[in-house]
Amino acid sequence: MKYVIAGYVVVLAILFLYAMQLMWRRRRLLRAVARVEASPAGDAARIDADPTPDHR
Amino acid sequence: MSPTPPASAPPDQSPRVRRVTRVIGVTAVVATACTVWLGLWVTPPDVTQGDLVRLVYIHPGVAWVALYLAFGLAAVASLLYLWPRTRSLFWDRLAAAAVEVGVVFNVCTLVSGSIWGKPTWGVWWAWDARLTSTAVLLVLFLGYLALRRVPAEPDVRAKRSAFVALFAAVDVPIVHFSVLWWRTLHQGATVLNPDLTPTIHGSMAWTLLLGFMALTLVFVWMLLVRYRIGVLEDWLGTGELDVALRERRAEGPAVDEDEAA
Amino acid sequence: MWRDTVLVAGKDLRIEARSRVALSQVAPFGIVALVMFAFALGPDRSLMARGAPGLFWVAVLFCTVLAVQRSVSVETVDGAKDGLRLSGLDPAGLFLGKSVAVAAQLVVLELVLGVGVVLLYGAKIEVPWLIAVSCVLGTIGLATTGTLYGALSAGLRVRETLLPFLLLPIAAPVLLAGTRIWQAAMAGGTPADGTPWFRLLVVFDAVYLALGVVVYGPIQESA
């Protein structure tokens with residue numbers, strides 16, 4: 001039975017840790033994007049913004 | 001003429017997509033928790049395998065997600081990127097996300113299979129067709145990820161990665177069959193029974209199905225988040241540079257490239 | 001396409017003939033690898049003889065990586081790549097030509113390594129033609145996949161570390177098939193022993209030849 005527990009724990013742990021890492025990366029990137037947008041150069045960037053349908 | 005990446009459009013995500021992602025995530029967690037509860041406590045042990053059969057609710061599920069869902073998606077997306085009429089960085093980013101998540105599930109497959117194998121066969125690893133092909137698949141897609149880390153223009157990187165994914169996808173069936181023959185045609189080899197799935201019925205069947213669905217939901221959620229990360233990373237890759245360049249130019253006399261060299 | 005094939009193959013082989021890198025560096029490396037294997041497997045000669053087929057092919061794989069690296073670097077120095085593109089060569093011909101050149105070098109290397117394995121490990125070959133055919137088929141597979149992956153990783157500064165990592169798993173079927181055929185050759189097997197493996201090698205070669213011819217052009221454009 002201890003093998004079963006080990007199997008469940010390891011797989012769930014790997015998935016959990018990866019999920020945490022994904023969420024952490026997303027949050028960090030969103031903050032970086034917010035920083036870039038807030039800067040004065042970011043306003044200039046937005047003025048000549050060139051939206052393409054490709055960007056989702 | 002390669003399409004230039006959009007430099008300045010902020011990468012907003014529609015609130016609907018965000019909500020869907022969150023719903024899928026929550027559902028995935030709930031489904032996984034149910035699977036664990038059912039698998040570990042509610043379902044009965046097997047006649048032949050005893051409690052070890054409980055791993056059947058996890059192992060085939062992660063394997064299915066890794067080998068068919070994730071890498072199949074990556075292969076198809078790569079093909080769609082290479083096909084001129086459907087070429088779009090969307091497919092490239094989707095493929096990259098699918099491969100990364102697929103690698104994680106692949107590791108889960110190998111680890112859970114190994115943990116199941118130790119009490120069943122007495123060894124942590126065996127060179128049977130399925131295990132070996134799965135290991136080769138892992139290495140092939142680690143190569144894909146390594147290649148993607150190399151800095152390059154998005155469309156150059158996309159094309160390169162797509163080819164690697166294509167070659168890997170082509171190679172996997174070949175490797176699988178060659179390893180299968182390697183085991184069975186070798187005179188005097190003890191053929192370990194690779195089939196770990198027992199005949200399943202009743203509550204076990206439902207739990208198995210739930211397990212598959214739960215892990216598929218987990219995959220979908222991870223794919224969505226990882227794709228989003230890819231979009232953000234790509235935008236920042238150009239966005240930050242643009243902003244930095246503008247700031248630099250605003251500072252004073254123009255930077256002369258020849259002087260800087 | 002065929003004319004370009006001959007042209008490119010001739011060019012690469014002429015460069016090799018003048019610089020003799022394959023002969024003076026890659027072949028000795030192969031021998032060194034065989035010696036290292038002998039140290040690793042210990043003085044038990046029967047163990048070495050049994051391992052000889054696999055060790056031969058592993059050594060060949062390592063030499064393939066080196067030969068492909070060389071084949072790629074020949075194109076990327078001194079703006080040779082732009083010259084190549086301007087020359088209007090058919091990319092399929094370019095692919096085949098480079099593959100032929102790599103294959104030719106590999107055949108020579110396999111001869112050297114084969115002799116080495118027989119001498120150093122005491123491997124006794126009962127059915128030599130099995131070896132010959134397997135080497136020819138295996139070489140085609142290694143040369144084509146090597147050239148393809150070489151093109152994929154060309155121009156990357158991390159190519160030296162990335163290429164082996166990318167190429168070797170793809171080449172695994174050649175290793176498996178080649179080893180099995182060698183074992184059959186050493187055990188005095190019949191032609192039937194080799195058939196499934198020959199079929200595997202033929203399929204492998206056909207797939208990567210076709211892929212290479214079709215795909216080499218687009219790969220070159222993006223490099």
Check: Residues in the range B:47-68: is at least one more than 9 Å from chain A (Cβ to nearest Cβ) and acidic (Asp, Glu)?
Finding: no
Next item on the list: State whether one or more residues within the range C:184-199 are aliphatic (A, V, I, L, M) and part of a loop (DSSP other than H, G, I, E, B).
Entry: yes
Item checked: Of residues in the range C:1-30 being in contact (Cβ under 8 Å) with a residue 12 or more places away in the chain and of a type in the set (S, T, N, Q), the one nearest to residue C:111 (Cα to Cα) -> C:25
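This table checks each residue for (1) touching a Leu at 6+ places or on another chain (Cβ under 8 Å); (2) of a type in the set (A, V, I, L, M, F, W, C); (3) modelled with pLDDT under 85.
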residue: B:8; (1), (2), (3): no, no, yes
residue: B:12; (1), (2), (3): no, no, yes
residue: B:23; (1), (2), (3): no, yes, no
residue: B:51; (1), (2), (3): no, no, yes
residue: B:62; (1), (2), (3): yes, yes, no
residue: B:76; (1), (2), (3): no, yes, no
residue: B:82; (1), (2), (3): yes, yes, no
Check: Mind checking which residues of the range B:103-158 are assigned to a helix (DSSP H, G or I), more than 14 Å from chain A (Cβ to nearest Cβ), touching a residue at least 60 places away in the same chain (Cβ under 8 Å) and within 20 Å of residue B:182 (Cβ to Cβ)?
Finding: B:129, B:130, B:131, B:134, B:137
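Yes or no, residue by residue, for (1) modelled with pLDDT of 75 or more; (2) buried (at least 19 other Cβ atoms within 10 Å of the Cβ); (3) aliphatic (A, V, I, L, M):
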| site | (1), (2), (3) |
| --- | --- |
| B:184 | no, no, no |
| B:190 | no, no, no |
| B:201 | no, no, no |
| B:216 | yes, no, no |
| B:225 | yes, yes, yes |
Check: Which of the residues spanning the range B:159-185 are within 18 Å of the chain's Cα centre (by Cα) and either among the polar types (S, T, N, Q) or more than 7 Å from chain C (Cβ to nearest Cβ) (or both)?
Finding: B:161, B:162, B:165, B:166, B:168, B:169, B:172, B:173
Next item on the list: Go through the range B:35-52 and give me each residue that's more than 13 Å from residue A:1 (Cβ to Cβ) and crowded, with 16+ Cβ neighbours inside 10 Å.
Entry: B:35, B:36, B:38, B:43
Item checked: Unique match (being farther than 26 Å from residue B:234 by Cα, touching a residue at least 12 places away in the same chain (Cβ under 8 Å) and either surrounded by fewer than 19 Cβ atoms within 10 Å (Cβ to Cβ) or more than 9 Å from chain A (Cβ to nearest Cβ) (or both)) among B:32, B:27, B:21 -> B:27
Next item on the list: Six or more apart or on different chains, Cβ under 6 Å: which pairs go from a residue in the range C:59-81 that's in a helix (DSSP H, G or I) to one that's at pLDDT below 90 and basic (Lys, Arg)? Could you list them?
Entry: C:71/C:98; C:75/C:81
Next item on the list: Considering only the range C:139-164, state which residues are more than 16 Å from the chain's Cα centre (by Cα), in a helix (DSSP H, G or I) and within 12 Å of another protein chain (Cβ to nearest Cβ).
Entry: C:152, C:153, C:159, C:161, C:162
Note to self: Quick test of your reading of the structure: residue C:136 fulfils all but one of (1) within 12 Å of another protein chain (Cβ to nearest Cβ); (2) surrounded by fewer than 21 Cβ atoms within 10 Å (Cβ to Cβ); (3) over 16 Å from residue C:67 (Cα atoms); (4) in contact (Cβ under 8 Å) with a residue 24 or more places away in the chain. Name the failing condition by number.
What the structure shows: (1)
Checklist line | Contacts under 6 angstrom Cβ, first residue in the range B:207-220 being without any contact (Cβ under 8 Å) to a residue 60 or more places away in the chain, partner assigned to a helix (DSSP H, G or I), 6 or more apart | finding: none
Item checked: Qualifying position, being of a type in the set (A, V, I, L, M) and within 19 Å of the chain's Cα centre (by Cα), among C:136, C:118, C:215, C:127 -> C:136
Margin query: Here is a check on your reading of the model: is residue C:124 more than 13 Å from chain B (Cβ to nearest Cβ), among the charged types (D, E, K, R) and surrounded by 24 or more Cβ atoms within 10 Å (Cβ to Cβ)?
Written below: no
Notebook entry, point to check: All but one of (1) at pLDDT 90 or above; (2) more than 14 Å from chain A (Cβ to nearest Cβ) hold for residue B:97; which doesn't?
Noted result: (2)
Next item on the list: Restricting attention to the range C:87-126, report how many residues are within 22 Å of residue C:219 (Cβ to Cβ) and in contact (Cβ under 8 Å) with a residue 40 or more places away in the chain.
Entry: 17
Item checked: Residue among B:88, B:14 that alone is polar (S, T, N, Q), within 8 Å of another protein chain (Cβ to nearest Cβ) and over 18 Å from the mean Cα position of the chain (by Cα) -> B:88
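The values are calculated or read from the model by the stated rules, or taken from the named source; none is laboratory data. In this text, all values refer to a predicted model and were calculated from it rather than measured experimentally. FYI the Cβ positions are ideal-geometry reconstructions off the backbone, even for glycines, and counts take in every protein chain you see.
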